[in-house]
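The values are calculated or read from the model by the stated rules, or taken from the named source; none is laboratory data. All of these numbers come straight from a predicted model, not from anything done at the bench. Neighbour counts run over all protein chains shown; Cβ positions are idealised from the backbone, glycine included. Each accessible area value is taken on the protein alone, full model and side chains, heavy atoms only, with ligands, DNA and RNA left out. Shrake-Rupley method; radii C 1.70, N 1.55, O 1.52, S 1.80 Å.
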Amino acid sequence: MWMKRLFFALFVRPLLLLVSGIRAEGLEHLPTQGPAIVVANHNSHLDTLALMALFPLSSLPKVRPVAARDYFFATPLRRFIAENLVGILPLDRRNVKRGGAHPLHPLAEALDRGEILIIFPEGSRGKPGELKPFKSGFAHLAKMRPEVPVVPVKITGTDRSLPRDEALWVPFILDIGISAPLRFHGSVKSFLEEVETLYRAPLKTPKENP
């Protein structure tokens, strides 16, 4: 995992500081040790890098963004970046369609190893400024491991800085708000709705959380 630390220390963090800059609120709620589930909205490939750049370098080996195997492991270059520089935990969507092994089992096992998972419940990136309906995978995972904290994170600015299907990185300030952790309760449906509601309104700042 030394390549991952070097990649963020020498490339990602300096580039984000030089081109965009990040304003973060609620950093005290960002988990530095696992297990934990970080849930974030998704408009840009910058979302993953900007969010991971907030973690201490010592925590990065345990930080695992969850992403589709069929996209990020499709070519040797993508696979190298996904495995060695970002540490992606691949989700095999083809097995789901074919009735294969339960896709959440590897994620639950990662939590059992003390890892910090980053999940984008919208799935693929949405249009700039658009929040797509959340998929229930993270809520099912939280039900499987109810003792694991779920940390909602709201990211704004990446949709203007590097929109979907654009290659030009525009210098906009990125704002990241980290809310107090939640734990699964009730039903998958009610927990999903509770978390998604946070993103339909301004995410509470740490001082506003109970």
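Between Trp2 and Glu28, the C-beta separation translates, for a Förster distance of 35 Å, into a calculated FRET efficiency of about 0.80.
Ordered from highest to lowest accessible area with the whole protein assembly present and a 1.4 Å probe, Ser20, Ser190 read as Ser190, Ser20. For the chain, the solvent-accessible area of protein heavy atoms averages 51 Å² per residue (probe radius 1.4 Å; ligands and nucleic acids excluded). When the solvent-accessible area of region 1-145 is split by element, carbon and sulfur atoms take up 58 percent of it, the probe being 1.4 Å.
Among beta bridges from DSSP that stay inside the chain, the antiparallel ones total about 20%.
The calculated pair-distance distribution of the chain uses every alpha carbon pair, bins of 10 angstrom beginning at 0, and gives 8, 35, 41, 15, 1 percent.
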